Structure formats: structure tokens, C-alpha cells
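The values are calculated or read from the model by the stated rules, or taken from the named source; none is laboratory data. The structure displayed is predicted, hence computed values, not measured ones. Neighbour counts are summed over all protein chains in view; Cβ atoms, including those assigned to glycine, are modelled from backbone coordinates with ideal geometry. These accessible areas exclude ligands, DNA and RNA; they are computed on the full protein's heavy atoms, side chains included. Shrake-Rupley method; radii C 1.70, N 1.55, O 1.52, S 1.80 Å.
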Amino acid sequence: MKSYSLTHLRELEAESIYVLREVFSQFQNPAILFSGGKDSIVVTHLARKAFFPARIPFPLFHIDSGHNFPETMKFRNDLVEELGVRLVVGSVQKSIDEGRAVEEKGRNASRNVIQTITLLDAIEENQFDVCIGGARRDEEKARAKERFFSHRDEFGQWDPKNQRPELWNIFNGKYQQGEHFRVFPLSNWTEMDVWQYILSENIKIPPLYFAHEREVIRRNGTWLPISEFIQLDEKDQIIRKKIRFRTLGDITITGGIESNADTLAKIVEEVAAARQTERGNREDDKRSETSMEDRKREGYF
Amino acid sequence: MSNKQPTANSQWPIANGYLDMELLRFTTAGSVDDGKSTLIGRLLYDSKSIFEDQLDQVKQSSNRMGLDHTDLALLTDGLKDEREQGITIDVAYRYFATPRRKFIIADTPGHIQYTRNMVTGASTANAAIILIDARNGVLEQTCRHSIIASLLQIPHIIVCINKMDLVEYNRDVYEKIKIDYEVFASKLDVHDVQFIPISALKGDNVVERSKNTPWYKGSTLLYTLENLHISSDHNHIDCRFPVQTVIRPKNDKFHDYRGYAGRVAGGIFKPGDEVVVLPSGFTSRIKSIDTYDGPIEEAFAPMSVTITLTDDIDISRGDMIVRTNNQPEVMQDIEVMMCWLNSMGPRPRTKYILRHTTTDMKAMIKEIRYKLDINTLHRIEDDKNIKMNDICRISLRSTKPILADSYKKNRNTGSLILVDEGTNETVAAGMII
């Protein structure tokens, strides 16, 4: 007898497409939070599949920290053009210039925390009632508690202890005026699933994910890329190394790993053998044991 | 480096193997004492799913709490309050994989006050692991977990008789618990029950076969999880396609395209099939089943596809495409086993939003028939005061008919939720009888 079963990637894909279609049906003004990282690229790819042969019915929504990898920006612009979707940018620099946000000072300063201000302002300004994000439950312990449909109050806050139960595949996207939702179609994907999927679908990703030579410094156990935004002091030694990035965020906080993985197949092998989580190289998560939960409560991605 | 992205090739044995995996969702219920966290920790650890930095964090937290061992429960407890109080408040989802399967664990607290979390975790599970402490045998809690697994129709149940090391791996202890459980389970609606003597702490029969239980001829827990027959967990007989949204590209290339997007909720659909669209009752044929990767020859649960029909009929979200000779029931008085999820009980004569497949409407609780004692299965008919975590049989009246099957027949078309119109909270989950 023929077996009617799907591979894990096909089942995850079907689940995510279902979630994206529910978003389109249940909300008025959705947007895809697009960082240029692999997870938001996969979400965008899935949205393309969900509404084919129609165009993706959501704009890409980028919170521009001003501290970008140039490669990510180019990738973003190319993708927007290829898909024919609208791009909405919330600028952290603008929030700072207007006095809405105050820049951190010091050697390890980053714009990670103040991005939330820009994000919430831009959500309000554009009247998005839902933002679709690429966060996964396997990424971080606070994220393991996230729902697919995650409710945010009128201040954009997440209340992890008071979440709506989510049963079967019935999603409740009802909200009151001023509130909004975050939806995470990749909730059940792991880093490995994402890479396997990128490989099997041959999805285009920024070159930063592949091993390449770059000027870096060693800081807090990771290789931080040299850029105009990083504060150097006499202790920092700039060296050239062959590295790649497992996650992409703000250029000031995204550390690379030493790697020779220059093809998707090699990356999948490397991920399979990895003994550190992908966020282990993110300075933003190292600030305290609950830094992700704290930021998420405030309205972070 | 060049701008051209390296393309996929087939020269990668590890990755290729992983691409064939199936997905299995299972739930574990239990309290701290019966070794649930230890078992999950062991499965994650032995399948190399715990990363060094996660383990470091857990070690540090254990130290700070003054523990003399690394408490693997801290891996699953994610929120600040959970870690401080040492309890699991919410369903935590955990992921691990072996070369055969990817696993999603819905880890739920086992205490009676968390029934709603157990129900939530069970709602999507293919399998339930029920832990019994070999020293204590079948307890009230064991019964509770099993009753929930039965109500939620989890297809496979694996009873792990744990802490065998503390009863000297005694076969008689194992056999007695097994018989006790079988006697109890005969009252339940469960079909596939397996028993495994284990020690989560020592690792006996979890991943490796134990030398301490030569009398046990069955499989290890991991082997069992890897080999459960799950492809028939979905209903592949009764064709149900709830329409999520209509796709109309209105561009030059697909000017007249009209596709019905949705996820197959049951049965197998093929191009050429004669179908009827409910509730309108118009009949047509499937012209094509489309995906981004091209048209396909058949679609079955849980695939997300887009169906086109040979006739132009008015179809919108909430409609259901089914086969002419096999239709769901049309019901407006709905008999339901319900789990109440909200801290505020149902208010008399309140209207709720009923969500079922891709449709919603208003509904009212017409009658509470009885409450179920989830430790004993006894019906309580004289106490109809519903509180959070209660499971009860009710009768609902909706403002328009729903297209449904019994939950036993189809989990997708047999399940519903109630949403409070005032607070927008999800207050109840229901299984149609």
C-alpha cells in the first residue's frame, strides 16, 4: 500500500504556509519583519509559496539599526525588487535624532535594545496589526514559550504568563483597538531544519553565511567583524580570518565562527556537528540569563 | 568571494540522510518527582541536542540555586518565574532529532491545576509518554494523564515504568504495574499502548538496551519513538478541504485564475474528482491542485495546497470542499466534550465566538450535562459550576450551522475553540462527540 506521509520539512512547510494564510485572512494590515537574516528569508520564501501565483500580499518591514552589514542591505534591496513587494523601513537613527531613543555608550554599546522603540513606533505609524517574524522556539528558552499567534498589548508588551492557549491548528487573532500580534510561522523549526530547507529549496541567502575572509577582532569569545561602528581600543588586535556567520544581526553584536563551510551542503554538515547554539555568538543574549525574556516583554522581535 | 551562490549538490551523506526524516510530535506529562525532566534531559542529551553553552548556563543556574547537581529541568523551564520557583507554568516545546525522525516534545506540567496545558500539549500529539514511578505504581496522576490522552485521541501511548533501578529491576514489579494499567485502560478509548521498563537517571532502555532487564524483550524508548507507525494518524478516508482564502492574482499571466487555498483536513484529493462545495451545495470537478513547485497529482492531510475547479462558483473562506458521496455533518446543536481554559468560568447566557476549521460564528452554551472527574472518569451531575481546568460535556447552539465530523473521526474537523467576545481570550476547547 502506498504510504501517505510527508517528510519533516514538507510537514513544517505545510504548517507554516497554513499559518501565513491564516494571518492574511484574520488581519487587516500584516507585514513581514525582514532583517535580511536566514529565518526572515525563509519566511518570505514560504509567503511566496502560500499565495502563489499571486504576489506576496504583505510588505517587507525592516528595522534599520543603521549598523548594517552592507551585504545584507544589498540582499534586501534585490529581493524587494525581485518580489515586487513594498519595503517599509523603520530607522533607529531617526528615532535617535528625534530624541525618541538614547544611544548606548561605551565599548560594547549596541543599538539592539533601542530597536524596540523604533519597531513599536513604526508599527503604530504604519498601523500594522500583525508583524510576521522568523523567530523559532528552539532559539532561546524564552522563545520556547511563544505561541504561533502572540498577542501584544497596547504598549507592545508580551505577557508570557498570560498567553492564550493554542490548540490543534485553530488560531485566535482577535485583538482590541491599539493592540497587535506577532506571528511566528517557523515556531516549530530548528536551526537544522532551516538550513536543510534552504539547501533543499536552494534559497538565496546573503554571502555572509558562507565562509569568507574578513578583518575581525576577538571579543567575549567570538570574532567580531571590523566596521566603522565598532569602538576599538589598544587591546584589540585586528586580524584576518576565514569565518562565517551563523546568525545575522546588527554588525556590532554579530560574531562570526571560524569555518571553511563555503557551500550550503557544508553548512548543513557543520550545523549538524555544532556544539554551541547559534545565538552563542550574539552579544545581545549574553547580557543576562533572562535578557531575551526581558527584551521580549518590552516588545522586542 | 563571488556573488554567485553555491548550489546544492548530492555529495553530502549526512544531510541527505536527514532530509528523509518524518516528524513525530509527542507529549510528556508528569510532575518533577516522577523523573519527567530527567527523561527529557536524557533524550536531549543522548541525541546530542543539548549545546555546550546551554549546558553551561544550566550549570551556572544550578550553582546559583545552591544545587549540588546539574538540574536538567532548567533546560525546559524557560521563564524567569519558572526558574525561580522551580515549576513549569506553561507548555514548553523542545526539539531533537535522530537520523530517522525529528521530534517535537510538548512538555507539560502534570498537576491537576495544569489540565489545560496538558490538553493543549495533547491536541497536536501523535504519541503520549506516561511515566509511572516503579515504586508507586498506578496513581491518580497516571489515570489523569491517560484520560486526557484518551479524550484528546492521542493515537499512541507509551507507558514508561521508570526508576526500575530503585526496585532492583524486578520483573514482578513491572508486570504488576502493567496489569494494573491494562485493567484501568480498558475503560478508556486508547488503542496502541506499549510498556517499557526504564531508568531515566541510569539510562536503562531509554536509548540503549539495558543489561539489567534481560527479561524485557521489547524495544528501547527511542527505538519505539523512531518506529511508531504514524502515517495513518491522519484521516486519509473522508475528504475535507476547508477553504482558508481565495487566490486571485489578477495579473496578465494568471488573469482568470481563481484558486482555493487551504490545508487538507482529511482524505485524498485528486484532479478530476467530483466535489461538492458546502454549504452552498454546488457541485464541480477538481481542475488542478496547485503548489508553488507545480501542479500535483494528489493532496492529503496535512498538505497546504491550492485547488482550482472546472466551474466558476462563488466560494469564500469558511466554505468546505468535500466529495459528493462523503459529506460532513451539518450541525447547529453541537454536543461537545469541553475543557475550560480560562480563570473566569462561563457566565450564564453569554455568547462566545466559536471557531471551527476556517470559520467562526457566535454560539451559546445551552446546557452543561455533566462534569467529568478526570481522575476516575466518574460523571458529576450535581455540580455544574465550571472552573478553569474542568472537563465537561456540554451542548452548544451556534448562530449558523457548522460542517463537522466527530472528533474521533477527524481531529481537524472535530475540534473547536470558544473565544470570549469581551476579552478576546480563548476560553474553552471542545471536541465534538
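Go through region A:148-169 and flag every residue whose accessible area shrinks by 20 Å² or more with all protein chains in place compared to the isolated chain (probe 1.4 Å).
Correct list: A:Pro160, A:Lys161, A:Arg164, A:Pro165, A:Glu166, A:Leu167, A:Trp168, A:Asn169.
In Å, what is the Rg of the alpha-carbon atoms in the protein assembly as shown, and how long is Dmax?
Reported Rg and Dmax, both Å: 25.9, 79.
Note down the net charge around B:Phe254, summing +1 for each Lys or Arg and -1 for each Asp or Glu among other residues with Cβ under 13 Å from its Cβ.
Within the 13 Å Cβ shell, the charges total +2.
To one decimal place, what orientation-averaged projected area in nm² is obtained for the convex hull of the Cα set of chain B?
26.9 nm²
Within 10 Å of each Cβ in peptide A:17-27, how many partner chain Cβ atoms are there on average? Round it to a whole number, please.
What the average comes to for A:17-27 is 5.
Just to be sure I understand the interface: list residues from region A:174-196 that lose 30 Å² or more of accessible area between the chain on its own and the complete protein assembly, 1.4 Å probe.
Listed by number, the residues meeting the 30 Å² cut-off are A:Lys174, A:Gln176, A:Asn188, A:Gln196.
Put a dot 7 Å past each Cα toward the Cβ at A:Arg297 and B:Asn385; how far apart are the dots in nm?
Label at B:Asn385, label at A:Arg297, 3.4 nm between them.
Based on DSSP H runs of at least 4 residues, each adding -39500 (n - 2.57), what is the mean residue ellipticity at 222 nm of chain A after dividing by all its residues, to the nearest 500 deg cm²/dmol?
The helix-only estimate for chain A comes to -9500 deg cm²/dmol at 222 nm.
May I ask you to give the percent of accessible area on region A:200-244 that is carbon plus sulfur, with a probe radius of 1.4 Å?
43 percent
How far apart, in nm, are the 7 Å Cα→Cβ label points at B:Val207 and A:Asp159?
4.1 nm
Comparing B:Thr220, B:Thr115, B:Thr28, which has the greatest mean-square fluctuation in the GNM of chain B with Cα pairs linked when under 10 Å apart?
Taking springs between Cα atoms under 10 Å, the residue moving most is B:Thr220.
Within region B:283-323, list the residues whose amide N lies under 12 Å from a label point set 7 Å along Cα→Cβ of B:Asp256.
Those under the cut-off are B:310-312.
Distance between the C-alpha centers of region B:268-301 and region A:74-153? Whole Å please.
39 Å
Which lysines have a Cα less than 18 Å from the Cα of B:Lys270, not counting those fewer than 8 places away in the same chain?
A:Lys2, B:Lys287
In nm, to one decimal, how far is the B:Met361 label point from the B:Leu188 one, both placed 7 Å along Cα→Cβ?
Distance between label points: 3.5 nm.
Could you run the numbers on buried accessible area between B and A, total for both chains, 1.4 angstrom probe, in Å² to the nearest 100?
7800 Å²
Full-extension gain between B:Ile179 and B:Thr283, please, as 0.36 nm times their residue separation minus the C-alpha to C-alpha distance.
32.1 nm
Taking all protein chains in place and a 1.4 Å probe, what share, in percent, of the accessible surface of region B:329-432 do carbon and sulfur account for?
Carbon with sulfur: 47 percent of the solvent-accessible area.
How much solvent-accessible surface does B:Arg116 expose, in Å² to the nearest 10, with a 1.4 Å probe and all protein chains in place?
My reading of the accessible area for B:Arg116 is about 50 Å².
Suppose all protein chains stay in the model; what accessible area per residue would a 1.4 Å probe give for the protein assembly as shown, in Å²?
I get 40 Å² per residue for this part.
For the pairs A:Lys204/A:Lys266; B:Lys187/B:Lys211; A:Lys38/A:Lys235; B:Lys176/B:Lys217; A:Lys145/B:Lys408, flag any whose C-alpha to C-alpha distance is greater than 23 Å.
Pairs exceeding 23 Å: B:Lys187/B:Lys211; A:Lys38/A:Lys235; A:Lys145/B:Lys408.
Could you give the distance between the Cα centres of region B:364-397 and region B:157-220, to the whole Å?
Comparing the Cα centres of region B:364-397 and region B:157-220, I get a distance of 34 Å.
For region A:195-253, which GluC sites (Glu not before Pro) pass both filters: DSSP loop (anything but H, G, I, E, B) and at most 12 other C-beta atoms within 10 Å?
For GluC sites (Glu not before Pro) across region A:195-253 that sit outside H, G, I, E and B with at most 12 neighbouring Cβ atoms in 10 Å, the list reads A:Glu228, A:Glu234.
In region B:273-378, which GluC sites (Glu not before Pro) are in a loop and have at most 12 other Cβ atoms within 10 Å, using DSSP for the loop call?
B:Glu297
Could you work out the longest stretch of chain A that avoids the trypsin sites (Lys or Arg not before Pro) located in DSSP loops with at most 16 other Cβ atoms within 10 Å?
With trypsin sites (Lys or Arg not before Pro) excluded where exposed in loops, chain A gives A:108-203 as its longest stretch.
Tell me the Kirkwood hydrodynamic radius of region B:329-432 in angstroms, computed as one over the mean inverse distance between distinct C-alpha pairs.
13.7 Å
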